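We did not get these values from a lab; they are worked out from the coordinates using the rules stated. Note that the coordinates shown come from a computational prediction; the quantities given were computed from them, not determined experimentally. Heads up, the Cβs are rebuilt from the backbone with ideal geometry, glycines too, and the neighbour counts pull from every protein chain shown.
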Amino acid sequence: MGVSLDSLPLVSGSVPLQGHGPLFDRDRFELLDRITREIDHIGRLHFATRDLVVVNSPSAAHEVLVTKAKAFEKSPVLRAALSPLAGEGLFTAGGALWRRQRRLIAPVFHHSKIDAFARAMVECAEHTSRSWKDGSEILVATETTRIAMDVAGRTLFGIDTTDEADAIGHALTVALEWVDIASRSMPLALQVELRLALLARADGDGAFARVLREICDRLEPPILWPTARTREMTRAIALLDERVQRMIDERRAANDASREDLLSHLLQARDDDDGSGMSDKQMRDEILTLFVAGHETTANGLAWSIYALARHPALYAKARATVDALGGASPTLADLDRLEYLGCVFKEALRLYPPVYVIARVAITDTAIAGHEIPRHTIVLVSPWSLQRRADLWPDPLRFDPERFAAANAASRPRDAWIPFSDGPRVCIGQHFAELEAPLVLARLLQHADFELLDPGEEQPGELATLRPRSGVRARVRLRA
């Protein structure tokens with residue numbers, strides 16, 4: 001205790017004035033790899049406007065995400081950058097609003113509810129894979145995105161996204177590209193720094209403090225500078241808003257109380273404390289948040305899974321033998337135990353290529369992590385990419401090895417050595433959804449076709465807000481008998 005941030009080890013690569021900014025812009029994954037190599041428990045990154053604390057051990061991550069979670073909120077930079085897309089949805093909301101929304105939405109994600117979606121998940125995989133021609137070339141990530149988007153649309157919202165998948169997918173890509181660029185821009189960094197500085201002086205009930213808090217509220221969303229990229233983002237989000245509002249209006253007009261998907265639940269949900277429901281704006285925020293989260297993680301994880309299997313013939317043969325043991329029948333919920341290896345493949349893909357590769361928090365009170373004092377308003381980073389590539393936790397860490405997630409091996413690791421879904425109170429509400437969907441979809445795809453990679457080089461991660469394969473994984477499909 002009593003150690004200042006200046007005494008924390010500084011990750012290499014910092015330059016005068018700009019700190020780690022140039023390295024992050026040039027190759028953010030090299031910076032994250034340096035964290036893996038250089039930080040045992042806790043260290044720091046230096047940027048032009050402030051130092052950021054980074055934790056890189058399961059025990060320190062557990063403190064931030066679980067045992068001391070009440071001392072932290074979502075990073076103000078991430079909240080601001082995501083607000084045009086996600087508003088005050090479950091991923092970005094904080095405090096009482098987040099607790100209320102989580103309480104209202106959680107029943108839909110109970111295991112018993114999610115398990116009922118298994119058949120629809122397989123049907124969506126069948127629908128997409130049957131459009132393939134023998135020998136045709138595909139972008140695997142595009143196909144898995146269509147499948148996961150179709151699954152999310154059908155199971156969570158009771159809609160068919162088939163005809164709109166490409167337009168919706170493009171709009172989401174434009175929005176996420178804007179989020180990535182905004183989250184590392186100097187204007188937003190300065191805006192956040194100004195807001196945090198004012199918040200530090202806004203304690204108390206006096207008139208001056210109230211004025212400061214009002215200013216802080218107005219500074220929370222990003223200033224949308226009139227650039228071509230911002231206009232493109234605005235058009236993309238307008239398309240998404242129109243689709244979501246149409247969905248809400250159609251469901252209200254149908255007035256079908258028997259439906260049990262997420263959208264119906266959101267329309268009917270009432271707060272236990274005051275009996276209020278959600279406004280259309282809040283519903284819009286939750287629908288877009290859950291639609292993005294409901295397909296992005298699984299789509300990326302499936303694409304990386306197929307890519308990794310195609311690069312490792314022995315592992316591919318084992319995965320294919322697993323699905324061949326089903327005798328050609330479409331996989332069902334009852335087959336999950338027999339598909340355990342495919343679940344391990346998916347988890348190993350998320351280890352090497354976590355969709356959310358940096359988890360950012362801001363301290364809302366003075367606290368301590370790994371024995372070091374963390375002052376209020378300090379931004380703390382936990383990187384699944386860095387943590388999940390530590391050689392002391394994952395021997396030969398860059399080797400793709402699904403057996404790491406066999407029950408005996410997984411039980412021997414610290415709890416937070418693997419955190420692609422985060423942990424603690426803000427653990428991803430859809431984790432069970434993704435872990436059910438992935439092996440079922442992967443099984444159906446491997447039953448239907450073999451995948452041959454067309455690019456001999458190693459697939460690189462794209463530098464977006466989520467970890468997509470940069471080239472989309474170009475492959476040729478060979479249909480199986």
If Lys and Arg each add +1 and Asp and Glu each add -1, what is the summed charge of the other residues whose beta carbon sits under 12 Å from the beta carbon of Gly457?
0
Arranged by the count of other C-beta atoms within 10 angstrom, fewest first, what order do Cys344, Cys124, Cys216 take?
Cys216, Cys344, Cys124
Using DSSP to call loops (not H, G, I, E or B), can you name the GluC sites (Glu not before Pro) in segment 430-476 whose Cβ has at most 16 other Cβ atoms within 10 angstrom?
Glu458
DSSP-assigned coil residues among GluC sites (Glu not before Pro) in segment 259-297, each with at most 14 further Cβ atoms within 10 Å:
Glu260
Other residues with Cβ under 9 Å from the Cβ of Ile138 give, with Lys and Arg +1 and Asp and Glu -1, a net charge of 0
Towards the positive end of the charge dipole of the chain, with charges on Cβ (+1 Lys, Arg; -1 Asp, Glu), say which of Ile287, Ala165, Leu387 has the farthest Cα.
Leu387
In the neighbourhood of Gly424 defined by beta carbon distances under 14 Å, the net charge of the other residues (Lys, Arg +1; Asp, Glu -1) is +4
List the trypsin sites (Lys or Arg not before Pro) in segment 179-230 that DSSP assigns to loop (not H, G, I, E or B) and whose Cβ has at most 15 other Cβ atoms within 10 Å. Which are they?
Arg201
Here are several values of Cα extents along the principal axes in Å: (1) 125, 66, 42; (2) 72, 56, 43; (3) 67, 66, 42. Which one was derived from the coordinates shown?
(2)
Under 30 Å between C-alpha atoms is the cut-off here; go through segment 5-479 and count lysine pairs that meet it, provided they're at least eight residues apart or on different chains.
12
